[in-house]
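Heads up: the structure comes next, in structure tokens.
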Amino acid sequence: MKTYSQKTSEISREWWLIDASTLPLGKLAVVIADKLMGKSKVTYTPHTDNGDYVVVINAKNLKVTGDKMTDKHYYSHSGFPGGLKDLTLAEIIEKDPALAIQQAVKGMLPKNKLQADRLARLRIFEGTEHAHAAQQPKEIK
């Protein structure tokens with residue numbers, strides 16, 4: 001018996017739709033990262049990017065548990081003295097709710113050369129309508 005290794009010509013991608021208001025942020029990020037990496041497929045091969053496309057709707061109605069809205073902080077630094085910026089999760093969701101989901105998913109993906117390509121297949125929309133109806137995404141419950 002030989003070990004199967006998927007070739008790039010054999011990759012078939014599907015489209016998935018998930019509602020962000022159904023799961024808390026962490027569990028949502030795990031489901032999305034699993035689909036982006038293709039780990040739920042039988043043909044999963046770690047060194048090839050065989051993941052699927054994921055469309056996330058209702059990012060504005062993101063759920064979190066506990067006091068994460070006020071206690072969870074996102075930091076960024078400009079590189080200059082005094083350039084540290086600090087935003088809470090509530091401020092991030094108010095400005096750009098897609099950023100909170102994208103950062104959570106990015107933290108769940110492996111840190112390698114495939115990460116940027118996998119994140120590029122993630123499409124996040126604030127409302128219930130999305131621009132990918134023609135792809136007929138399957139809904140994840």
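The number of residues in the range 90-108 being surrounded by 18 or more Cβ atoms within 10 Å (Cβ to Cβ) and over 19 Å from L17 (Cα atoms) comes to 2.
Annotation: of all residues in the range 29-60 being at pLDDT 95 or above and touching a Ser or Thr at 6+ places or on another chain (Cβ under 8 Å), the one that is farthest from I140 (Cα to Cα) is N58.
Among the residues of the range 51-68, just one is within 30 Å of Q6 (Cβ to Cβ) and charged (D, E, K, R), namely D52. When H73 is tested against (1) over 21 Å from E14 (Cβ atoms); (2) surrounded by 14 or more Cβ atoms within 10 Å (Cβ to Cβ); (3) at pLDDT 95 or above, exactly one condition is not met: (2).
Scanning the range 1-26 for residues that are part of a helix (DSSP H, G or I) and surrounded by 13 or more Cβ atoms within 10 Å (Cβ to Cβ) yields a count of 2.
The values are calculated or read from the model by the stated rules, or taken from the named source; none is laboratory data. Treat the numbers as computed from the prediction; the structure is a model and nothing was measured. Using ideal geometry, Cβ is built from the backbone for each residue, glycine included, and neighbour counts are taken over all protein chains shown.
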